[in-house]
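Quick notes on the structure that follows.
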Amino acid sequence: MRKDKNITSYTSNELKAKRAKSLTDWRKVDAITDNELDDIIAADDDESGFSPDWTKAELVLPESKLSVNLRLDREIVEFFKGQGKGHISRMQAVLKAYVEAHQHHAK
């Protein structure tokens with residue numbers, strides 16, 4: 001795999017530590033009333049004049065996933081299971097990243 005100088009890798013413990021260092025005061029956020037939130041949004045220059053038109057909104061449902069019977073090497077399954085709950089989702093993410101990388105090269 002090619003190294004990209006703009007990509008930084010972290011272990012799961014490093015990511016947990018980074019999340020723990022959040023500077024967000026969640027008690028203060030939770031204490032904001034709806035009216036106060038409306039005032040904060042109204043004062044934001046990026047939101048000024050923004051009024052979404054929901055009359056043209058469309059409901060887009062995700063495609064259902066296809067169930068397949070897949071035989072994998074034991075070491076692959078054990079590796080993903082060893083990372084904890086969600087191993088199937090992680091396998092799916094790896095396969096999806098592979099497909100996306102190869103679709104970009106094919107175009």
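The values are calculated or read from the model by the stated rules, or taken from the named source; none is laboratory data. Small disclaimer: the values here were computed from a predicted structure and weren't measured. As a convention, Cβ positions derive from the backbone with ideal geometry for all residues, glycine included, and neighbour counts pool all protein chains shown.
Worth a mention:
Each row is one residue, and each column tells you yes or no for (1) of a type in the set (Val, Ile, Thr); (2) at pLDDT 85 or above; (3) at positive phi; (4) touching a helix residue (DSSP H, G or I) at 6+ places or on another chain (Cβ under 8 Å).
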residue: Thr8; (1), (2), (3), (4): yes, yes, no, no
residue: Asn35; (1), (2), (3), (4): no, yes, no, no
residue: Ile41; (1), (2), (3), (4): yes, yes, no, yes
residue: Pro62; (1), (2), (3), (4): no, yes, no, no
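- Within the stretch 60-88, residues that are more than 14 Å from Ser12 (Cβ to Cβ) have Cβ atoms under 7 Å from residues that are outside any loop (DSSP other than H, G, I, E, B) and not hydroxyl-bearing (Ser, Thr, Tyr) in these pairs: Lys81/His87, counting only partners at least 6 apart in sequence or on another chain.
- Taken over the stretch 12-36, the criterion of being surrounded by 10 or more Cβ atoms within 10 Å (Cβ to Cβ) and under 25 Å from the mean Cα position of the chain (by Cα) is satisfied by Glu14, Leu15, Lys16, Ala17, Lys18.
- Subset of the stretch 73-90 (residues that are part of a loop (DSSP other than H, G, I, E, B) and more than 26 Å from the chain's Cα centre (by Cα)): Asp73
- Lys3 being modelled with pLDDT under 85, of a type outside the set (Ser, Thr, Tyr) and within 23 Å of the chain's Cα centre (by Cα): yes
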